[in-house]
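The values are calculated or read from the model by the stated rules, or taken from the named source; none is laboratory data. A quick note: this is a predicted structure, and the numbers were derived from the prediction, not measured. Here the Cβ positions follow ideal geometry from the backbone for every residue, glycine too, while neighbour counts run over all protein chains shown. Remember, those area values only see protein heavy atoms, side chains included, never the ligands or the DNA or RNA. Shrake-Rupley method; radii C 1.70, N 1.55, O 1.52, S 1.80 Å.
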Amino acid sequence: MFDVWKNILAEVEQAIPHEAYTTWFKDVNLSSIEDGSVIIEVPNVFKVSQIKKKYDGVIRKALEHNNIEFNNVEYIVSSKSKVRVRSREISIHDVMSSPKVRKPASSTQTKSFSSGLNPNYTMDNFVIGSNNDLAASVAQNIIKAPGKRHNPFYLYGGPGLGKTHLVQAIGNALIKNNPELKVSYMPTNSFYIEFLEALKSKQGNSFTKKYQKVDVLIIDDIQMIVGKEATQQAFFDIFNELYQHGKQIIITSDRLPEQLKSVDERLSSRLACDGAYDIQLPKFEDKCAILRMKAEFDGVEIEDEAIEYIASNVKTNIRDLEREYKRVLTFAEFKGVTPLEVINNGYSNTINTNSHGTVSAKKILETTASCLDLTVKEMCSKSRVSHIKTARQIAMYLLSEELSMSTTKIALEVGVKDHTTVMHGIKKIKEDLKLDFAMREQIATIREKIYA
């Protein structure tokens with residue numbers, strides 16, 4: 001059966017993009033083939049839904065090509081991934097952390113070198129969605145070959161989106177693969193404080209040499225280095241030494257490298273030499289998947305309608321999503337009712353409901369124009385000037401995404417002739433967003449201001 005599954009995976013890998021394969025088919029296994037049913041084990045419920053939605057047809061074709069007779073294909077969460085948790089006091093960043101997959105660094109490394117990593121942050125419990133799949137794919141490549149590709153790895157995005165989880169998960173996976181590897185994770189503030197202490201004790205050189213000896217350096221929230229010239233210089237020296245010796249460097253920030261004002265230009269260019277990758281705000285489907293996993297591992301029952309309500313009304317980040325989820329469960333427990341009854345009966349009247357009722361087409365148009373230094377009149381004119389045309393297309397995209405507005409209605413709002421122009425504009429922005437990180441940052445900023 002192993003050989004059959006190996007052949008099927010090889011065919012799937014040929015049929016889909018390489019990065020999609022590495023993202024979705026890691027740890028996916030064939031459980032059994034009996035009575036016309038093919039049972040496939042998948043690490044978590046989110047991957048189950050995505051594989052069924054995107055790749056079920058590809059898998060079925062591969063099964064047929066390998067002469068496997070079947071009536072249906074069933075995807076189940078691997079028994080190794082399932083765990084029941086009594087307490088609800090689990091961070092959404094720690095959700096899905098099973099003792100069976102939690103492997104601390106070896107005793108050898110623990111004694112000789114402290115990584116600073118939280119063992120609860122793993123790739124197995126990092127929920128991959130459309131908002132972070134590119135960053136997650138890069139992470140997998142780094143785990144396979146640290147220092148070879150994507151070095152430095154610069155990851156940016158707003159607070160509460162999972163940057164810390166992802167970079168620490170890379171570190172934990174690298175140690176799992178090679179316990180002798182020296183991996184150092186450090187928030188920038190801690191790096192700064194340690195550097196100051198070293199200067200006070202006249203041990204500045206020792207501080208620099210300490211970090212020049214690591215194999216993987218992970219620095220969280222690099223924007224905190226802004227304005228600290230001596231710390232920048234120390235980091236620059238460490239960075240250069242590690243980079244020249246092919247050591248992996250991983251950086252997180254809440255902004256792009258070029259937006260780090262007052263940072264030495266040499267350092268800024270080094271940070272961006274392999275490009276910058278972002279984690280965006282999760283979309284509705286992503287938020288639903290996160291909440292379903294959270295509920296499963298908390299051992300609580302919550303209706304799909306309740307999950308969808310929370311997901312649709314939290315427009316900010318994963319931390320806020322967790323807060324509203326906990327609030328609904330707390331009220332349900334207090335009132336002795338179900339989570340859906342809490343929502344339907346308005347028990348939790350403090351819930352943050354940034355719903356479509358408070359966001360209008362006018363607000364989206366005004367916010368988009370303002371963020372792009374235009375007036376609404378200019379943006380919705382017939383001008384073919386490049387930056388105005390792009391702003392108009394961004395507005396079309398946001399009207400479609402945030403309000404689910406029809407293309408015909410969007411055409412009326414932005415002053416274009418017909419819905420086909422809108423369809424083209426939305427399609428163009430969606431394509432650009434795949435690799436245009438500056439545009440992704442622009443749209444993320446506009447969204448934040450729309451729901452501020």
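Temperature 10 °C, viscosity 1.306 mPa s: under these conditions the Stokes-Einstein estimate for region 135-214, based on its Kirkwood radius over C-alpha pairs, is 111 µm² per second.
Compactness ratio for region 172-318: Cα radius of gyration over 2.2 N^0.38 Å (N = residue count) comes to 1.35.
Counting only Cβ charges, +1 for Lys and Arg and -1 for Asp and Glu, the dipole size of region 138-254 around its Cα centre is about 340 debye. Each part reduced to its alpha carbon centroid, region 12-36 and region 199-265 end up 39 Å apart.
Beyond 28 Å between alpha-carbons counts as too far, so tell me which of LYS52/LYS247; LYS213/LYS287; LYS362/LYS417 fall in that bin.
LYS52/LYS247; LYS213/LYS287
DSSP beta bridges confined to the chain are antiparallel in about 20 percent of cases.
Placing +1 on the Cβ of every Lys and Arg and -1 on the Cβ of every Asp and Glu, with no other charges, gives the chain a dipole of roughly 900 debye about its Cα centre.
Annotation: average projected area of the chain is 26.0 square nanometres, based on the convex hull of Cα atoms across all directions. Along each principal axis, taking the top coordinate minus the bottom one, the Cα set of region 182-222 gives 26, 21, 11 Å in descending order.
Taking the charge dipole of the chain about its Cα centre, with +1 at Lys and Arg Cβ atoms and -1 at Asp and Glu Cβ atoms, the residue from ALA276, ILE40, LEU403 reaching farthest to the positive side is ALA276. For LEU199, LEU166, the ranking by accessible surface with the largest value first comes to LEU199, LEU166, using a 1.4 Å probe.
Using only the heavy atoms of the protein chains and a 1.4 Å probe, how would ASP27, ASP436 rank by accessible area, largest first?
Numbers: ASP27 80, ASP436 60 Å².
Ranked from most to least accessible, the order is ASP27, ASP436.
Restricting attention to region 140-221, which trypsin sites (Lys or Arg not before Pro) occupy a DSSP loop and are surrounded by at most 10 other Cβ atoms within 10 Å? Qualifying residues, ordered by number: LYS202.
Do any of LYS148/LYS315; LYS6/LYS283; LYS148/LYS389; LYS53/LYS409 go past 31 Å between their Cα atoms, and which? List each step's numbers first, then the result.
Working: LYS148/LYS315 37 Å; LYS6/LYS283 33 Å; LYS148/LYS389 40 Å; LYS53/LYS409 29 Å.
Pairs exceeding the cut-off: LYS148/LYS315; LYS6/LYS283; LYS148/LYS389.
Compactness of region 378-452, taken as the C-alpha radius of gyration over 2.2 N^0.38 Å, stands at 1.04. Probe radius 1.4 Å, ligands and nucleic acids ignored: give me the carbon and sulfur share of the accessible area of the chain as a rounded percent. The C+S portion of the solvent-accessible surface of the chain is 49 percent.
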